[in-house]
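Presented below is the structure to which this report refers.
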Amino acid sequence: MFERMTGGLRGIGHTAIDGVWRIGYASRFFLLTLFKSGISFRRFGLTIKEIYFSGVLSLIIIVVSGLFVGMVLGLQGYETLQKYGSEQALGVMVALTLTRELGPVVSALLFASRAGSAITAEIGLMKATEQITAMEMMAIDPISRVVAPRFWAGVISMPLLAAMFSAVGVFGGYLVGVVMIGVDEGAFWSQMQAAVDFRQDILNGIIKSVVFGVAVTAIALFEGYDAPPTAEGVSHATTRTVVTSSLAVLALDLVLTAFMFRG
Amino acid sequence: MSKDNLVEINNVSFGYNKRPVLKGINMAIPRGRVVAIMGGSGCGKTTLLRLIGGQIKPQQGEVRVAGQVVHELDREELYKMRRRMGMLFQFGALFTDMSVFDNVAFQMREHTDLPEAVIRDLVLLKLHAVGLRGARDLMPSELSGGMARRVALARAVALDPMLIMYDEPFAGLDPISLGVIGNLIRRLNDALGVTSIVVTHDVHESLQIVDYVYFVSEGVIVAHGTPEEMRQSAKPFVHQFVHGEMDGPVPFHYAGEDYGADLGLGHV
């Protein structure tokens, strides 16, 4: 009886210590990445190459999703707004929803599953096939050569993708609202221009997407670097990247929104 | 420390967690020679290479490379030393996102300021030495196992190292590729004047090309000598290993209960 109780306690203790240890390890990894970022800017070509892989190749999914989300917003928004006779505010509604919330959040979630999982799998497999060790044995630091360029590529790509998402989304709302349903075009654009504030709405959206970019890329890189070098290990790490970074994006969004749009 | 030895391993012990892997190993690798470290799978051979490369620290004893104690070097000194070491990994460990050419050029581009034209000539030189000058534009995924190993070899000698370490260079190769790699190891060693350490369990190929052999079993050196001495050796472990016999000091059966007792027949 006593044995079982202490066993359970010990289990809890172990889990807690492991968890704290892992957070510490992840933080150290993150700081090391920042610290060793020199090469990502001195040889910007390395970062550009990674921007192509995580940013440019994510464009299609971002643009298509943005278009659909914008169109749905147009339909739903019109339904609700016309009940109050203010369907001309459709443009405002679509633009604000996208720049403040959906643009940064949805594109970050898509980025996590499209680019984040790819980063984790790539680094995990580089580790499993001893490419990371080989680099270390060649006296080349894999954190500055492999990890840091991917990190900065993610941080740079994320706000651009979010902006693209919002822009295409607004166009989707326009297609449905103005072209299909027939909301007045002048009102749609002019009200949007009048109501959307650069600092309050657009800048805050950009800040959000930069924060999400840091979170998603850092999680993806850490999971890949920390993955056990086996097929199973890499697959678990890829799943964890998508789950953890999606949750992180949603949680960070709540915190950021609370600070940015309070009153 | 003798000046003639490039690598000296003095009384080194190492274990993962509480499981000891190496128990008081002593070894000397003379300059300019090809030395093989042989033993069964999981006997700690690869751990020895990791100790020499400074990836892990010995729990006891020291590894000296060119007179320097590896585990006492700081990071910068260690990296400086590694630039003079080449390592061939078990399955090549080529960078899968780069072509054959870029793989071989990698260290030159990272560590030197050589103009691209010079790098091109050097890379072609190295690739020619392993017979793959024509394969420079292929990606690693397009190479056969033997070709990948040869590219990795060209990459390992890219910066003209003083020491080349081979981790199971023969694993999983067909007989022709195996002969090619074996010959290359010998030829590169003699042509470049380097020192080579070959970790392997392939007896027949390696006894033909090496100058000296260490046999490792269960964390200790059980025998060492020239290939000829090893072939003649009467030591049971060496005899079993060299001749590939099924039972001997390394038992066929994993330790367990008496067979008869296990079947419920009493002692047979």
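Computed from the coordinates by the stated procedures, all read-outs in this text should not be read as laboratory data. Owing to the predicted nature of the structure, the values given are computational and were not obtained by experimental measurement. Reconstructed Cβ throughout: ideal geometry from the backbone, glycine too, with neighbour counts over all protein chains shown.
Overview of values
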| quantity | calculated |
| --- | --- |
| Chain A: relative contact order as a whole-number percent, Cα under 8 Å and 6+ apart | 31 percent |
| Between 0 and 90°, nearest 10: helix A:59-83 axis offset from chain A longest Cα axis | 40 degrees |
| Two-decimal log10 I(q)/I(0) for the stretch B:5-233, as the Debye equation yields it once each C-alpha is a single scatterer, q = 0.11, 0.16, 0.17 Å⁻¹ | -0.55, -1.13, -1.26 |
| Tilt relative to chain B, helix B:175-192 - C-alpha long axis, 0 to 90 degrees, to 10 | 60 degrees |
| Global form of the stretch B:63-177, assessed from the alpha-carbon gyration tensor, a/c cut-off 1.5 | oblate |
| A:ILE48-A:VAL20 FRET efficiency (beta carbon distance; Förster radius 51 Å; 0.05 resolution) | 0.85 |
| Separation in nanometres of the label points that stand 7 Å from Cα toward Cβ, at A:VAL243 and B:ALA171 | 3.1 nm |
| Farthest toward positive dipole pole in chain A [+1 Lys/Arg, -1 Asp/Glu at C-beta], among A:GLY177, A:GLY77, A:GLY205 | A:GLY205 |
| Rounded tilt (10° steps) of B:145-156 against the dominant C-alpha axis of chain B | 60 degrees |
| In Hz, Karplus ³J(HN,Hα) per residue of the stretch A:102-117 (6.51, -1.76, 1.60; θ = phi - 60°; x = Gly, Pro) | 5, x, x, 6, 5, 5, 5, 5, 5, 4, 4, 7, 8, 8, x, 5 |
| Within 10 Å of each Cβ in A:136-148, the average number of Cβ atoms from other chains | 5 |
| Scattering curve values for the stretch B:96-157, log₁₀ I(q)/I(0), Debye with Cα scatterers, q = 0.28, 0.29, 0.30 Å⁻¹ | -1.25, -1.32, -1.39 |
| Net length gained if the chain between B:TYR16 and B:MET139 were fully extended (0.36 nm per residue, minus Cα distance) | 40.7 nm |
| Highest average packing first - A:11-18, A:243-250, A:40-47, B:161-168, Cβ atoms within 10 Å | B:161-168, A:243-250, A:40-47, A:11-18 |
| Relative contact order of the stretch A:29-116, pairs being alpha-carbon contacts under 8 Å that are 6 or more residues apart, as % | 32 percent |
| Selected from B:GLY54, B:VAL198, B:GLY219, residue furthest toward positive end of dipole (the stretch B:5-233; charges at beta carbon) | B:GLY219 |
| Fraction in percent of alpha-carbon pairs per bin - 10 Å, the stretch A:36-260 | 9, 30, 29, 18, 10, 4, 1 |
| Overall form of the stretch A:64-174 per C-alpha gyration tensor (a/c, 1.5; a/b vs b/c) | prolate |
| Value of Rg/Rh across the protein assembly as shown [Cα atoms, Kirkwood radius] | 1.11 |
| Inter-chain shielding of B:82-88 (mean C-beta neighbours from other protein chains, 10 Å cut-off) | 3 |
| Projected label distance in nm at B:ARG84 and B:LYS23, using a 7 Å step from Cα toward the beta-carbon | 3.5 nm |
| Average other protein chain Cβ within 10 Å of Cβ, residues B:94-107 | 2 |
| Residue pairs, from the table B:LYS80/B:LYS126; B:LYS18/B:LYS45; A:LYS36/B:LYS45; B:LYS23/B:LYS235, whose Cα atoms sit over 26 Å apart | A:LYS36/B:LYS45 |
